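Taking it in order: structure first as structure tokens, then the write-up.
The values are calculated or read from the model by the stated rules, or taken from the named source; none is laboratory data. Note that the structure is a prediction, hence the values are computed from the model and not measured. Virtual Cβ from ideal backbone geometry, glycine too; neighbours counted across all protein chains shown.
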Protein chains: 2
Amino acid sequence: MAIPNPAPTMKDVAKEAGVALGTVSKVINGIPVGESYRLKVEAAIEKLNYRVNSYAKGLKKNKTFIIAVMVPNLINPFFCKLVNCINRSLSQRGYRMLLCATDYDPEQEQAYVIMAEQQKVDGIICLSYNPNLQVTEGLPLISIDRYFGSQIPCVASDNYGGGALAVRKLVENGCKSLAFLRVGSKLTNEPNKRKDGFINACENLDIPYVLKIIDDGVPHSEFWNFLREHLHDGKLDFDGIFCVTDSLAHLTRQALREMGLRVPEDVQIIGFDGIRRFGDMEYTCSTIVQPVEEMAEACVNMVLDKGQSQVPSLVCLPVTYAYGGTTRK
Amino acid sequence: MAIPNPAPTMKDVAKEAGVALGTVSKVINGIPVGESYRLKVEAAIEKLNYRVNSYAKGLKKNKTFIIAVMVPNLINPFFCKLVNCINRSLSQRGYRMLLCATDYDPEQEQAYVIMAEQQKVDGIICLSYNPNLQVTEGLPLISIDRYFGSQIPCVASDNYGGGALAVRKLVENGCKSLAFLRVGSKLTNEPNKRKDGFINACENLDIPYVLKIIDDGVPHSEFWNFLREHLHDGKLDFDGIFCVTDSLAHLTRQALREMGLRVPEDVQIIGFDGIRRFGDMEYTCSTIVQPVEEMAEACVNMVLDKGQSQVPSLVCLPVTYAYGGTTRK
């Protein structure tokens with residue numbers, strides 16, 4: 001598995017080709033030299049299996065071909081798929097990914113941005129929960145889901161449209177009364193719009209609805225208390241539930257089962273994200289699917305393009321509905 | 001969110017401190033200077049919020065504080081958790097992670113190793129399926145699960161012990177006859193030992209067993225045909241199944257349900273990996289849990305330590321059993 005010879009240097013190439021070091025440098029950097037010199041250098045590079053030191057090259061060109069990517073963790077399947085797709089999009093363009101999972105810690109997020117600046121990355125793509133994140137002007141930065149203001153472009157799903165789509169699908173499936181369950185964040189972020197889309201669609205379709213929103217960190221038992229309060233003679237006051245994430249939909253389904261209610265016969269549930277079991281099997285529930293591949297492509301295109309053309313401050317990408325067993329169809 | 005002033009340089013620090021550039025350089029690089037000079041430089045660094053250019057520093061010290069990490073993808077929850085833990089272990093030691101998902105493509109894996117060499121990373125941690133992977137000697141490389149030979153240290157779970165533990169747990173739960181289902185790889189790799197551990201434990205405990213091993217890429221319907229062949233009068237010939245992964249255990253449970261068999265009442269199943277729903281909820285099945293955190297720690301310790309002390313060529317870390325609903329307990 002190991003190649004025994006030490007890595008050849010640019011000097012070795014020059015010696016092998018019988019040309020000056022400067023000539024080798026010109027060829028490597030695409031600066032025109034006489035045809036015969038170029039051929040000699042290329043043959044020597046080939047023979048010695050010489051590999052350009054990108055690190056030094058990056059320093060010279062002030063480019064590293066590295067993009068820093070920051071997500072809270074690689075435990076949540078949505079973050080994992082997002083990073084997987086960003087990696088593929090970067091890789092297709094010859095860029096590498098310096099990845100950091102920050103555990104939702106604002107200090108770690110800030111430290112990582114400082115580190116990324118020190119490493120001279122060509123840009124940052126971040127999914128941050130830190131509203132006070134400070135970034136040096138000039139370093140291209142794209143935010144996912146969190147809108148920091150017009151100078152930082154943000155890529156997100158059409159969360160508003162997704163909330164409305166969930167209502168339409170529940171109503172199409174026969175639901176007459178709806179509930180929305182959400183673990184809330186006090187930050188201004190795009191996923192907050194799921195609620196607005198839900199409310200607006202209920203109002204437009206004249207469907208009665210209730211909201212149950214709990215703060216981050218509050219135990220989920222608050223939700224189950226809410227459900228029990230709405231349970232009368234073995235029947236819930238509503239027959240359709242929109243959950244802000246697929247993981248909450250999963251927990252809600254379990255709680256309803258424990259209350260003796262059947263899903264989807266008695267209550268139908270739609271989640272949000274589009275999480276598949278084991279990453280690539282069936283959907284974990286009926287769900288509003290985030291267009292993760294398109295989001296990754298948009299982030300990569302925008303971070304590499306920034307500074308060169310006008311980048312919109314918010315890009316919302318269309319979501320779709322997928323059946324996953326918790327609705328009638 | 002943006003800091004408007006351009007990043008200060010070492011020259012700015014020298015000017016602010018009223019000292020020579022070389023003095024600033026010495027302080028930054030920990031080389032002794034007179035106390036009063038050191039204090040002046042430190043005050044200027046503090047005042048200007050000067051940040052060391054790690055990129056240039058790395059070039060000088062021939063160290064980048066970056067470890068390249070290579071896994072097939074960030075879709076499989078096991079790979080995700082592994083990368084999450086490696087990231088944390090590296091981060092605690094002041095190192096960053098250059099991550100690549102290779103889609104099981106040997107060409108991409110080789111290209112990534114070459115890239116990592118060019119970027120002058122301080123080492124590579126890889127989970128590769130490429131038996132012919134070539135690495136320049138001298139670059140610390142740690143392999144996960146694949147044993148490439150004595151010169152490349154390998155970190156893995158105790159797969160053999162895990163296979164035996166699955167047998168013991170099924171027998172403890174009352175199983176009298178067992179089956180082992182596996183999607184096989186022709187490569188020499190550590191997970192192959194799950195089978196050896198299974199067979200050895202069955203032989204020792206005098207438990208009858210059957211094996212069904214299919215090659216990578218063969219449709220899973222081969223397994224379901226095998227199960228149907230062993231189904232007589234609504235009863236399977238065996239009452240315990242050990243599946244080589246949790247995802248196979250999940251599919252097997254679904255197939256058995258479709259055949260009218262109850263899990264765990266009629267058949268008990270144990271998987272391998274320790275995958276939790278949505279990354280951090282309940283186990284997806286009763287399972288042999290890989291010690292992912294300990295594996296990540298071992299990889300990081302070994303890749304950073306390599307060359308300094310004697311590193312063993314294979315480190316096997318202990319697995320544990322976890323109940324997850326597909327066994328009686």
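Here are some notes:
- Residue pairs whose Cβ atoms lie under 7 Å apart, separated by 6 or more positions or on different chains, with the first residue in region B:134-145 and surrounded by fewer than 20 Cβ atoms within 10 Å (Cβ to Cβ) and the second in a loop (DSSP other than H, G, I, E, B) and of a type outside the set (Phe, Trp, Tyr), are B:134/A:1; B:136/A:7; B:137/A:4.
- Residues (of a type in the set (S, T, N, Q) and within 11 Å of chain B (Cβ to nearest Cβ)) located in region A:276-300: A:284
- Counted residues, region B:89-106 - those being on the phi < 0 side of the Ramachandran plot, more than 7 Å from chain A (Cβ to nearest Cβ) and in contact (Cβ under 8 Å) with a residue 24 or more places away in the chain: 6
- Among the residues making up region A:210-227, a single one is buried (at least 19 other Cβ atoms within 10 Å of the Cβ) and either more than 29 Å from the chain's Cα centre (by Cα) or among the aliphatic types (A, V, I, L, M) (or both): A:227.
- Odd one out for residue A:100 among (1) buried (at least 21 other Cβ atoms within 10 Å of the Cβ); (2) within 14 Å of residue A:69 (Cα to Cα); (3) at pLDDT below 90: (3)
- Screening region B:251-275 for residues that are touching a strand residue (DSSP E or B) at 6+ places or on another chain (Cβ under 8 Å) and among the charged types (D, E, K, R) and picking the one that is nearest to the other protein chains (Cβ to nearest Cβ) gives B:273.
- Complete set of residues in region B:5-27 that are in contact with a Ser or Thr (Cβ under 9 Å, 6 or more places away or on another chain), within 30 Å of residue A:149 (Cα to Cα) and either modelled with pLDDT of 75 or more or exposed (fewer than 12 other Cβ atoms within 10 Å of the Cβ) (or both): B:5, B:6
- Test: residue A:30 is modelled with pLDDT under 85, under 30 Å from residue A:111 (Cα atoms) and either in a loop (DSSP other than H, G, I, E, B) or within 11 Å of another protein chain (Cβ to nearest Cβ) (or both): no
- Condition met for residue A:74 (within 9 Å of another protein chain (Cβ to nearest Cβ), assigned to a loop (DSSP other than H, G, I, E, B), crowded, with 21+ Cβ neighbours inside 10 Å and at pLDDT 95 or above): yes
- Residues that are modelled with pLDDT of 90 or more and not in a loop (DSSP other than H, G, I, E, B), drawn from region B:133-145: B:141, B:142, B:143, B:144
- Subset tally (residues that are at pLDDT 85 or above and either in a loop (DSSP other than H, G, I, E, B) or of a type in the set (Ser, Thr, Tyr) (or both)) for region B:103-132: 8
- Annotation: of all residues in region B:107-133 being without any contact (Cβ under 8 Å) to a residue 40 or more places away in the chain, buried (at least 18 other Cβ atoms within 10 Å of the Cβ) and among the acidic types (Asp, Glu), the one that is nearest to the other protein chains (Cβ to nearest Cβ) is B:117.
- Some residue of region A:243-254 being surrounded by 15 or more Cβ atoms within 10 Å (Cβ to Cβ) and assigned to a strand (DSSP E or B): yes
- Residues (part of a helix (DSSP H, G or I), loosely packed, with under 14 Cβ neighbours inside 10 Å and in contact (Cβ under 8 Å) with a residue 60 or more places away in the chain) located in region A:150-206: none
- Flag if residue B:200 is under 27 Å from the mean Cα position of the chain (by Cα) and farther than 30 Å from residue B:133 by Cα: yes
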